[in-house]
Amino acid sequence: MKLLSKLGTLTVCLTAATSFGARPATAEPPTTLALPGQLVFGGFSPPGPDEQPDIYSVSPLGGPTTDVTPDPVGWQDQPAWTPDGRRIAYVGAGIHVVNADGTGDTLILSGENIAGGPQWSPDGSRIAFFMRDESLNTDVYVMNSDGSGIVRLTTNLQADLDPTWSPDGNQIVFESWRDGGNNIYVMNADGSAQTRITFNGTESSPAWSPDGSKIAFVEGKGPGQSRIYLMNPDGSGQTPITSVYAVGTPAWSPDGRWVAFMELRYSGWAISMVRVDGTNLHRLLQYTYQDSSPSWQPVTKASCTITGTPGNDVICGRGGNDEIDGGDGNDFVVAGRGDDTIRGGAGYDIILARGAGTDAVDGGSGVDFCRTDRSDVVANCP
C-alpha cells in the first residue's frame, strides 16, 4: 500500500471495491478454530461529527471489541504489540506506547515530521519506524523504546518504509520505492548491506515470520487487486496464500501458523486470516468503517496471569493445582501440570487442558473452544 494509505486515507478504496464487484463476507464459526492472543487494529468510524479513529482489540475468534485508545482528539492507527504482549506502540500525531488495557499512554516521538509503522525489536529494547525528514524524504529509523537515541538507517531519495525485524534481531526487512516501483529489501540492523530481494516492482508491506523462515508480503496483481504471498528471506520460493480481491498489511500469528491481513470487502476494509498453506480463510466481521493494520499479540510467559480481569486475558497454569478464573472478556487459558479448576467466564474463551492433570473445566457463557482430556470434567464447552 502507498504511504498515504498507511497514514489513514484507506477510504479511497471503498469505491474500487464497489466498482469491481467484491461481495460481502460472513464470519466463519469461531468454534472451528484455536487461535491464541488478541488482535489489535486501527478502526475508522464513518465520516461525520462522531468520527473516531482508534486502536481496537478483538479475539481472533471474533466477538466484541475493546477500544484501547478512546481519545476524542486525533487519530490512531498502525498498532504493534511488544514481544511480551503487554504493551502496544501505535501512530497518532507521533508514536505512542500504551498498556494493553489502554492505561499509561505515553507519547515517545513527536514533531512535525510524519512518523509511522512502529515495530518492536525481538528483545523489546528498540523500535524501528519510518519518518519523513525536512526534505520530505521518507526513510527507516530505529530508536530506543522510550523514544531516545534515534538513528537513521536509510538515506534514499525514494520512500523507504514498513520495517520489520528478523526474529533474531540481526536484520530488518522493509519496503522501498527506489529502483522503480515498490520492492522489498533486507538490511542488517545497523543499516548496512541493503539488499533487494524482490524485482516485480509491485511488492509491499513485508512481515517476518516468528521462526524466521518466511517473509509475508503484499503482491500487486493488477488495478486495485493484490494477494498475500510468502517467500524465503532471500526472496526465493514466492507462493501466494490468498485469492480474495484485495489485501494489505499481513501480520503473523504467534505460532506462525496463520497470517492475518486487511481484506477489501463490499463495504470497506476488514480483518481476515488464513493458514500459511492458503487454506481455512477466516473472516472477522467488519467492526468499523475501515478496519486496518492488524497486529497479533505474542503469547509468552510474560503475558500470562493467573487471575483474570474483566478484559481480555492470557492465563497460564503453573506446576501445582491451580484455580484459574478468566473473568469476563475473551480469554486464552492454558492449564498447568497439576489438577486445575478453570472457569472461562463470559466471552469467547480458548481453553487448552490436554496432557496435564485431571482438570475441571467450565467454559462459561459465550462461544468457547476447549481442548481437554477424557479424564477432565467439562461443562459449557462444545
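Only strands (runs of 3 or more DSSP E) whose full extent lies in the range 13-74 are considered here, and the ones with at least 1 residues that are in contact with a helix residue (DSSP H, G or I) (Cβ under 9 Å, 6 or more places away or on another chain), under 20 Å from Ala93 (Cα atoms) and at pLDDT 85 or above are 39-44.
The residues listed here are Asp255, Asp322; of these, the one that is closer than 24 Å to Glu219 by Cα, of a type in the set (D, E, K, R) and at pLDDT below 85 is Asp255. The listed residues are Gly191, Gly147, and the only one of them that is in a loop (DSSP other than H, G, I, E, B), over 22 Å from the mean Cα position of the chain (by Cα), at pLDDT 95 or above and surrounded by 15 or more Cβ atoms within 10 Å (Cβ to Cβ) turns out to be Gly191. State whether one or more residues within the range 230-241 are surrounded by 24 or more Cβ atoms within 10 Å (Cβ to Cβ) and in contact (Cβ under 8 Å) with a residue 12 or more places away in the chain. No, every residue in the range 230-241 fails to be surrounded by 24 or more Cβ atoms within 10 Å (Cβ to Cβ) and in contact (Cβ under 8 Å) with a residue 12 or more places away in the chain. Whether a residue is touching a Lys or Arg at 6+ places or on another chain (Cβ under 9 Å) and either aromatic (Phe, Trp, Tyr) or over 29 Å from Asn188 (Cβ atoms) (or both) was assessed, and Arg257 does not pass this test. Being surrounded by fewer than 18 Cβ atoms within 10 Å (Cβ to Cβ), among the hydroxyl-bearing types (Ser, Thr, Tyr) and closer than 30 Å to Asn144 by Cα, is that true of even one residue in the range 242-249? There is no residue in the range 242-249 that is surrounded by fewer than 18 Cβ atoms within 10 Å (Cβ to Cβ), among the hydroxyl-bearing types (Ser, Thr, Tyr) and closer than 30 Å to Asn144 by Cα. Remark: pairs (first residue in the range 171-199, under 13 Å from Asp160 (Cα atoms) and in contact (Cβ under 8 Å) with a residue 24 or more places away in the chain; second residue open to solvent by less than 10 Å² (accessible area, probe 1.4 Å) and assigned to a loop (DSSP other than H, G, I, E, B); Cβ separation under 6 Å; 6+ apart in sequence or on different chains) = Ile184/Thr198.
The values are calculated or read from the model by the stated rules, or taken from the named source; none is laboratory data. These numbers were taken from a predicted model, which means no experiment stands behind them. Cβ: placed from backbone, ideal geometry, glycine included. Neighbour counts: every protein chain shown. SASA here: full protein model, heavy atoms, side chains in, ligands and nucleic acids out. Shrake-Rupley method; radii C 1.70, N 1.55, O 1.52, S 1.80 Å.
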